[in-house]
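The values are calculated or read from the model by the stated rules, or taken from the named source; none is laboratory data. Since this is a predicted model, take the numbers as computed values, not measurements. Every residue, glycine as well, gets a Cβ built from its backbone with ideal geometry; the counts of neighbours run over all protein chains shown.
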Amino acid sequence: MSAVATAPAALRRAFMARFGRWLRHDMRAAISLGYLFCLALLALLAPVIAPHSPTDQDYNAILLPPGAGHLLGTDDLGRDVLSRLIYGAPVSLYASCLAVAIGVAIGLPVGVVAGYLGGKVDTLISRLIDTLLSFPGIVLAVGVTAALGIGLTNSMIAVGIVFSPELARLIRSQTLVVKQALYVEAARSFGASTSRIILRHILPNAVQPVIVQVTLMLAVALLVEASLSFLGLGVQPPAPSWGAMLARAYGNMEAAPAQMYPPGIAILLTALAFNGLGESIRAGLDPKLRRLELRT
Amino acid sequence: MSGVGRDGAIHMVWAARLRWAAQRVLQIVPVIIVATFLVFGMLQLVPGDPAVTLAGDSATPQRIEQIRALYGLDRPFLAQYGTWLLHAAHGDLSRSILSGEPVRVAIMDRLPNTLLIVAGSLTLSLVIGIPMGVAAATRAGTRIDGAITGLTSFGVAVPSFWLAMLLVSVFALGLHWFPATGAVGIGDDFAGAVRHAVLPSIALCASGVATVARQLRSALVDVLSSQYVRTLQAKGLSPASILWKHGLKNVSVPLLTVIGLLVNRLLGATVVIEAVFAIPGTGSLVVNAALGKDFPVVQGVVLTMVIMVVVTNLLVDALYTVLDPRVSRS
């Protein structure tokens, strides 16, 4: 009885121990995770940390160079660049997560259904996936954003739609492998319903490569959000966003050249962290790859 | 007798290739039809009455009715789609709402500018990425490999439009080596067109270089650690001749796959790069159309790009069969 009760706690301890070992052995994972944790904290505490309001304009302090009072200077409307950078963090994180969540919400069920049911349904869905993968991603996102209406949430829905075929294809191919497994056949022979088999047996066992893909896609979503906001299709003024800040900085490049560095570096570091985490998870999940890396 | 036999065999190989080619061309027809359906269906995502959206802000009721009649929005969806598809098949992609210009003309005017920077950055991606991949794979595990892998991480993560801004500030505004913005028609002034395309191509190629280097490295590491390479080493072949004669031959197929993928990605990424450099290409065309709710133009550009990607993939597949005859046999 007590063994059953302590099982989850023991499992959690074992998991935490493995997690700690992973972080100690993989510097890239530790740094990436640490950076993202700090960024999330910054995003949550933006109102407390930011020295100024991100939208307050001061026409007596336009395009100031970095210095006391305004650590990173001010933009062409006299707004504090550091504060806008800090307030841009939650925007970027929200946008990346939203796009990937929508991609998963569409791609996962479609991929599982296609892989599990097979036959005509699979052929139809696979053809649709192939076609959607032929659309250049950003161009499709621009088109869908134009249809849904310009704005951050709509443009990220568009990016999610662009992500979904890739995720669907990945989960479909995993499902094809997992559904051959003996335990799936056993569940079927016991009369388990299709939905129970998919939810309890297929999904948990097919989801590993999706976790890697999702982490890498967060970086792509971040870059696409910055691009769309730079183009004016994403975040609308006066809301702060790293991409939109770069658009303003570009317009004032000769008067205030320092302004294009902070948002660009923020985007670069965050994308590096998402990618680093994704690659590390991939390496951690794949024992074959781990051996290969040791050998070469 | 033996001559007849050989001719017969060659004939059969060519017949198989032709049959395969015909099948492959037929396979892209449904893809393109589904693509046209999706492109046209995008308009259905517009919330509310598309005619009101298309007519723009502060349009008179007459203008809205005019738009509705002009684009056939009062008819059922499938009938609209059928008419649109029929016109599109004849090269008629309707007219721009903002400028009244035929969409096909607008696209054809701007396409060369876009293709020039896509071709430029694809070339740079291969010219820089292949040596990097080979260097990393042949020195796998060393510091050089680590440095190249680190560089590729930056290549994938750097926002291309920010890199473009940095290039403009250094090489255009600072050193005055290249023009900061604009484009010159490649037919009017070839040297000028290339000069204008240099910075956009470099900005665009960062992720391409990284992708080529990474894929080539992993494919080449696999080949170089395979059984038959070990046999060749045992036979006493020099590492250089193993690499050039056997290694690179075996990674040509994965490399082709990467090229197909890159064309798709570069075509997409030009959208932002053209905005930075104020290049009148299809990318800036689609962005301005999206900002101005000019749907016929949006649809036209998206369709053109999909068709270009599909045709590129077809060419890539055709090259597979030349490089690897097993593909057409299976």
Subject >> Enumeration of residues in the stretch B:36-69 that are more than 14 Å from every other protein chain (Cβ to nearest Cβ), among the small types (G, A, S) and out of contact with any Lys or Arg (no Cβ under 8 Å at 6 or more places or on another chain) >> reply: B:S58, B:A59, B:A69
Original post:
Quick one: B:T60 ticks every box in (1) closer than 30 Å to B:S201 by Cα; (2) among the hydroxyl-bearing types (S, T, Y); (3) without any contact (Cβ under 8 Å) to a residue 12 or more places away in the chain bar one, so which box is it?
Top reply: (1)
Original post:
Cβ-Cβ below 6 Å, separation at least six or inter-chain, first residue in the stretch B:19-35 and more than 14 Å from every other protein chain (Cβ to nearest Cβ), second in a helix (DSSP H, G or I) and buried (at least 17 other Cβ atoms within 10 Å of the Cβ): which pairs?
Top reply: B:W20/B:S328
Original post:
What do you reckon, is B:I202 surrounded by fewer than 23 Cβ atoms within 10 Å (Cβ to Cβ), outside any loop (DSSP other than H, G, I, E, B), out of contact with any strand residue (DSSP E or B) (no Cβ under 7 Å at 6 or more places or on another chain) and without any contact (Cβ under 8 Å) to a residue 60 or more places away in the chain?
Top reply: no
**OP:** Among the numbered conditions (1) over 24 Å from the mean Cα position of the chain (by Cα); (2) buried (at least 16 other Cβ atoms within 10 Å of the Cβ); (3) more than 17 Å from A:P262 (Cβ to Cβ), tell me where A:R28 comes up short.
**Re:** (1)
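Does any residue of the stretch B:265-272 turn out to be free of Cβ contacts under 8 Å to residues at least 40 places away in the same chain, under 25 Å from B:T304 (Cβ atoms) and not aromatic (F, W, Y)? So that I can check it myself, show each step before the final result.
If we filter the stretch B:265-272 for residues that are free of Cβ contacts under 8 Å to residues at least 40 places away in the same chain, which is where we start, we get B:268, B:271.
So of that shortlist, the ones also under 25 Å from B:T304 (Cβ atoms) come out as B:268, B:271.
From what is left, the residues that are not aromatic (F, W, Y) are B:268, B:271.
Scanning the stretch B:265-272, I find at least one residue that is free of Cβ contacts under 8 Å to residues at least 40 places away in the same chain, under 25 Å from B:T304 (Cβ atoms) and not aromatic (F, W, Y), so the answer is yes.
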Original post:
Out of (1) surrounded by 13 or more Cβ atoms within 10 Å (Cβ to Cβ); (2) out of contact with any Leu (no Cβ under 7 Å at 6 or more places or on another chain); (3) free of Cβ contacts under 8 Å to residues at least 60 places away in the same chain, what's the single condition that is false for A:P54?
Top reply: (3)
Subject >> Filter result (small (G, A, S) and farther than 16 Å from A:L218 by Cβ) within the stretch A:139-154 >> reply: A:G143, A:A146, A:A147, A:G149, A:G151
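Might you let me know whether the stretch A:130-137 holds any residue that is in a helix (DSSP H, G or I), without any contact (Cβ under 8 Å) to a residue 40 or more places away in the chain and buried (at least 21 other Cβ atoms within 10 Å of the Cβ)? Let's see the steps before the verdict.
First, pick out the residues of the stretch A:130-137 that are in a helix (DSSP H, G or I): A:130-133, A:137.
Subsequent filtering for residues that are without any contact (Cβ under 8 Å) to a residue 40 or more places away in the chain retains A:130-133.
Retained after the next criterion (residues that are buried (at least 21 other Cβ atoms within 10 Å of the Cβ)): A:131-132.
Taking every residue of the stretch A:130-137 in turn, at least one turns out to be in a helix (DSSP H, G or I), without any contact (Cβ under 8 Å) to a residue 40 or more places away in the chain and buried (at least 21 other Cβ atoms within 10 Å of the Cβ).
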**OP:** Return the total of residues in the stretch B:167-183 being free of Cβ contacts under 8 Å to residues at least 12 places away in the same chain and crowded, with 16+ Cβ neighbours inside 10 Å.
**Re:** 1
Original post:
Here is a list of conditions, (1) in contact with a Pro (Cβ under 8 Å, 6 or more places away or on another chain); (2) of a type in the set (V, I, T); (3) within 14 Å of chain B (Cβ to nearest Cβ); (4) more than 22 Å from B:I32 (Cα to Cα), and A:V91 meets all of them except one; can you say which number that is?
Top reply: (3)
**OP:** Look at B:G185 and say whether it is touching a Pro at 6+ places or on another chain (Cβ under 8 Å) and under 18 Å from B:P112 (Cα atoms).
**Re:** yes
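Condition check ((1) facing chain A (nearest Cβ under 10 Å); (2) of a type in the set (A, V, I, L, M, F, W, C); (3) without any contact (Cβ under 8 Å) to a residue 24 or more places away in the chain) across all residues:
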position: B:G236; (1), (2), (3): no, no, yes
position: B:K245; (1), (2), (3): no, no, yes
position: B:S252; (1), (2), (3): no, no, no
position: B:A278; (1), (2), (3): no, yes, no
position: B:F295; (1), (2), (3): yes, yes, no
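Which residues, counting only those in the stretch B:72-89, are surrounded by fewer than 12 Cβ atoms within 10 Å (Cβ to Cβ) and either at pLDDT below 85 or in a loop (DSSP other than H, G, I, E, B) (or both)? Spell out the reasoning first.
First pass over the stretch B:72-89, keeping only residues surrounded by fewer than 12 Cβ atoms within 10 Å (Cβ to Cβ): B:74, B:76, B:78-79, B:86, B:89.
The answer is B:D74, B:P76.
Residues to consider are B:A164, B:A147, B:A106; find the one that is in a helix (DSSP H, G or I) and surrounded by fewer than 20 Cβ atoms within 10 Å (Cβ to Cβ).
Exactly one of B:A164, B:A147, B:A106 is in a helix (DSSP H, G or I) and surrounded by fewer than 20 Cβ atoms within 10 Å (Cβ to Cβ), namely B:A147.
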Subject >> Leading residue by the ranking (nearest to the other protein chains (Cβ to nearest Cβ)) among those in the stretch A:260-282 that are in contact with a Leu (Cβ under 8 Å, 6 or more places away or on another chain) and among the polar types (S, T, N, Q) >> reply: A:N275
**OP:** Pairs only if they're at least six apart or on different chains, beta carbon under 7 angstrom, first in the stretch A:112-129 and within 14 Å of chain B (Cβ to nearest Cβ), second buried (at least 20 other Cβ atoms within 10 Å of the Cβ); list them, first residue then second.
**Re:** A:I125/A:V110; A:I125/A:A114; A:S126/A:A114; A:I129/A:P165; A:I129/A:A168; A:I129/A:R169
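Condition check ((1) touching a residue at least 40 places away in the same chain (Cβ under 8 Å); (2) away from chain A (no Cβ under 13 Å)) across all residues:
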{"site": "B:T138", "(1), (2)": "yes, no"}
{"site": "B:T142", "(1), (2)": "no, no"}
{"site": "B:L151", "(1), (2)": "yes, no"}
{"site": "B:I186", "(1), (2)": "yes, yes"}
**OP:** Considering each of B:T282, B:T312 in turn, give the residue that is at pLDDT 85 or above, more than 8 Å from every other protein chain (Cβ to nearest Cβ) and out of contact with any Leu (no Cβ under 6 Å at 6 or more places or on another chain).
**Re:** B:T312
Subject >> Spans of helices (runs of 4 or more DSSP H) in the stretch A:154-236 with at least 3 residues hydrophobic (A, V, I, L, M, F, W, C) >> reply: A:182-189, A:208-231
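Which one is modelled with the highest pLDDT among residues in the stretch A:217-251 that are at the interface with chain B (Cβ under 7 Å from one of its Cβ atoms) and surrounded by fewer than 24 Cβ atoms within 10 Å (Cβ to Cβ)? Spell out how you get there, then give the answer.
In the first step, residues of the stretch A:217-251 are kept if they are at the interface with chain B (Cβ under 7 Å from one of its Cβ atoms); the result is A:219, A:223, A:226-227, A:230-233, A:246, A:250.
When the remaining residues are screened for being surrounded by fewer than 24 Cβ atoms within 10 Å (Cβ to Cβ), the result is A:219, A:232, A:250.
On the way: A:A219: 94, A:G232: 90, A:Y250: 87.
Filtering the stretch A:217-251 for residues that are at the interface with chain B (Cβ under 7 Å from one of its Cβ atoms) and surrounded by fewer than 24 Cβ atoms within 10 Å (Cβ to Cβ), the one modelled with the highest pLDDT comes out as A:A219.
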